[in-house]
Amino acid sequence: MAPTTPSRAETATADAEPRPDLRELAAALEGTPVEQGLRERKKRARRAALIDAAQLLVAEHGLDAVTVEMISAEAGVSARTFFNYFESKDDAVLGAEDTGLSEDVVRTFVDGGPTGRLLSDLETLVASLLTPHAEAHARVRRAMDLMQQEPRLLQRHVIWMDRHKSRLVELFDARRATTPFSTDNELLTMLVLLLIRTALVAWEHAGYAGNPADHLPSAVSQLIDVVARDLDT
């Protein structure tokens with residue numbers, strides 16, 4: 001018996017059936033929000049385990065004696081997995097990560113928000129950069145201590161800060177295109193780094209209580225006060 005050929009009506013019906021677009025396919029591959037959240041928590045837990053392992057091993061044996069393989073074994077992962085999280089063992093000891101800025105924070109800043117006042121918006125930006133420090137203050141404290149013991153870590157930290165600087169410049173340029181301002185990018189970058197440093201030092205002096213971002217308003221107020229006094233004179 002010869003196979004039947006679909007009628008035009010049947011073909012039209014099949015063609016009319018909705019087909020998933022690329023977004024739907026991507027969402028299906030990413031899983032449900034619950035599944036995505038679980039994966040993200042596992043990733044953060046694995047990253048934290050690698051930082052803890054790196055810091056404890058370096059504190060015990062010294063930076064030069066510790067290898068990526070040792071750190072990975074201590075954290076219970078493969079060396080290949082290690083490089084999914086960090087470029088080097090130095091970065092693992094420092095707990096270095098990318099800007100830590102969410103897409104919402106970046107988008108709001110680039111669009112000229114959240115207040116429309118550049119200094120206030122920079123304060124919001126810095127607060128977001130400081131959030132990861134509050135979530136893992138013990139690791140931040142160990143990293144700061146180890147930087148004092150291992151000069152090479154300080155050099156690596158400078159490189160990491162330079163990477164941050166280049167990304168900040170990109171943010172400033174993007175905002176300048178939507179909300180023009182005249183302040184130089186280099187000055188703004190140094191201001192961000194100064195606010196970060198000032199808040200972290202104040203947080204350290206407060207015994208690492210609360211959030212380092214809690215100390216930002218005081219730092220900004222001091223900066224405004226210095227400028228205001230010069231203007232008065």
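Table: residues versus (1) at pLDDT below 90; (2) surrounded by fewer than 14 Cβ atoms within 10 Å (Cβ to Cβ).
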{"residue": "Ala127", "(1), (2)": "no, no"}
{"residue": "Leu130", "(1), (2)": "yes, no"}
{"residue": "Ala136", "(1), (2)": "yes, no"}
{"residue": "Arg141", "(1), (2)": "yes, no"}
{"residue": "Met144", "(1), (2)": "yes, no"}
{"residue": "Gln148", "(1), (2)": "yes, yes"}
{"residue": "Arg156", "(1), (2)": "yes, no"}
{"residue": "Asp162", "(1), (2)": "yes, yes"}
{"residue": "Val169", "(1), (2)": "no, no"}
Of Leu193, Leu153, Leu146, Leu122, the only residue that is among the hydrophobic types (A, V, I, L, M, F, W, C), closer than 21 Å to Asp104 by Cβ and part of a helix (DSSP H, G or I) is Leu122
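Please work out which residue is surrounded by the most Cβ atoms within 10 Å (Cβ to Cβ), limiting yourself to segment 104-119 and to residues that are charged (D, E, K, R) and outside any helix (DSSP H, G or I). Lay out the reasoning, then the answer.
Of segment 104-119, the ones charged (D, E, K, R) are 104, 107, 111, 117.
After this cut, where a residue has to be outside any helix (DSSP H, G or I) as well, the list is 111, 117.
Details: Asp111: 13, Arg117: 11.
Here the answer is Asp111.
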Among helices (runs of 4 or more DSSP H) entirely inside segment 4-75, those with 2 or more residues being open to solvent by 80 Å² or more (accessible area, probe 1.4 Å) and at pLDDT 85 or above are 33-61, 68-75
Open to solvent by less than 40 Å² (accessible area, probe 1.4 Å) and either assigned to a helix (DSSP H, G or I) or of a type in the set (Lys, Arg) (or both), is that true of Leu101? no
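Out of segment 208-233, which residues are of a type in the set (Asp, Glu) and either surrounded by 10 or more Cβ atoms within 10 Å (Cβ to Cβ) or not in a helix (DSSP H, G or I) (or both)? Walk me through how you get there before you give the answer.
Of segment 208-233, the ones of a type in the set (Asp, Glu) are 214, 225, 230, 232.
If the condition is that a residue be of a type in the set (Asp, Glu) and either surrounded by 10 or more Cβ atoms within 10 Å (Cβ to Cβ) or not in a helix (DSSP H, G or I) (or both), then Asp214, Asp225 are the ones that fit.
The values are calculated or read from the model by the stated rules, or taken from the named source; none is laboratory data. Predicted model, so just to flag it, every value in this text is computed and none were measured. Note that each Cβ is placed from the backbone with ideal geometry, even for glycine, and that neighbours are counted across all protein chains shown. These accessible areas exclude ligands, DNA and RNA; they are computed on the full protein's heavy atoms, side chains included. Shrake-Rupley method; radii C 1.70, N 1.55, O 1.52, S 1.80 Å.
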